[in-house]
1. Can you tell me the FRET efficiency between residue 34 and residue 9 if r is taken as the Cβ-Cβ distance and R0 is 45 Å, rounded to the nearest 0.05?
2. Using only Cα atoms, find the angle between the long axis of helix 163-173 and the longest principal axis of the chain, and express it within 0 to 90 degrees, rounded to the nearest 10.
3. In the Gaussian network model of the chain, springs joining C-alpha atoms below 10 Å, which of 101, 168, 136 carries the largest mean-square fluctuation?
4. Accessible area per residue for the chain in Å², computed with a 1.4 Å probe and the full protein assembly in place, what is it?
5. Please determine, in degrees from 0 to 90 and to the nearest 10, the orientation of helix 135-150 with respect to the longest principal axis defined by the Cα atoms of the chain, where the helix direction is its Cα long axis.
6. Show that you can apply the helix-only estimate: for the chain, add -39,500 (n - 2.57) for every DSSP H stretch of four or more residues, divide by all residues, and state [θ] at 222 nm to the nearest 500.
7. If I fit a long axis through the Cα atoms of helix 41-57 and take the longest principal axis of the Cα atoms of the chain, what angle between them do I get, 0 to 90°, rounded to 10?
8. Taking +1 at the Cβ of each Lys and Arg and -1 at the Cβ of each Asp and Glu, which of 41, 207, 15 sits farthest along the dipole of segment 8-212 towards its positive end, judged by Cα position relative to the Cα centre?
Amino acid sequence: MTAEQLGVAEIAAWLREAAAVVRAQQARLTSLDAAIGDGDHGLNRARGFDAVERLVNFPDHPVTPGDLLAQAGRTFQQRVGGASGPIWGIALRRAGQDLGDRQTLEAPPLARDLDAARAGVVEIGAAAPRDKTMVDALAPAVDALQKAAADGLPSDAVAPSAARPAEDGVRATTPLLARRGRAAFLGERSISHQGPGATSVALVLRALAGTICAAPPRLYGDE
Ligand SMILES: [Mg+2]
């Protein structure tokens, strides 16, 4: 799908693809979390995105991109416990609120929207970059998206630009000492493990790249 302006159909397609990607990677997310956390990561993400997929597939799903994202956030919060329900919930809700009642969005609002999601995650998780959290994938993705949007590119060229920096951010979590979340209790034993939170962010941004894309980016596993 290519689209210079993203409407509710494109956002719905992204959320559907995100659910599929997270489901396909559920076992891997679980094993990443089992190494430095409590092993519920794959199940929680899959449960949340499965519920979001049901919302998207419901015939009367919200008719604006902002409403769809905000409702997806509320769905996540209702369906998923632990830290991930509130964190993914606030990310999706803030993104939706930022879009307001626009019917379509071009690249600059898409970038601002993801930045609003990042700010929500930072606020609720009190996490800074290099704390080995989902912020380590989200922040470089937002930076890349904002730069591409400022260069005047259309949405279908800008959206995929977030995917590769997110994956680079994931790889950079491996040597880090966790400072937030359950992994922080492990101290130095959290080193040499890839961060599960950052990994699931990168999967969702990979889904965006795979859904709305003028030119597919080269991602890890594609080379
Ligand atoms: Mg966990």
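The values are calculated or read from the model by the stated rules, or taken from the named source; none is laboratory data. Quick caveat, the model's predicted, so the values are computed rather than measured. As a convention, Cβ positions derive from the backbone with ideal geometry for all residues, glycine included, and neighbour counts pool all protein chains shown. Side chains are part of the model used for accessible areas, which takes the heavy atoms of the whole protein and leaves out ligands, DNA and RNA. Shrake-Rupley method; radii C 1.70, N 1.55, O 1.52, S 1.80 Å.
1. Numbers: r = 37 Å, r/R0 = 0.83.
About 0.75, to the nearest 0.05.
2. 10 degrees
3. 101
4. Values: 9640 Å² over 223 residues.
Each residue of the chain exposes 43 Å² on average to a 1.4 Å probe.
5. With rounding to tens, the tilt is 30 degrees.
6. Details: 10 runs with 142 residues, N = 223.
So the helix-based figure for the chain works out to -20500 deg cm²/dmol.
7. Approximately 10 degrees, to the nearest ten.
8. Farthest towards the positive pole: 41.
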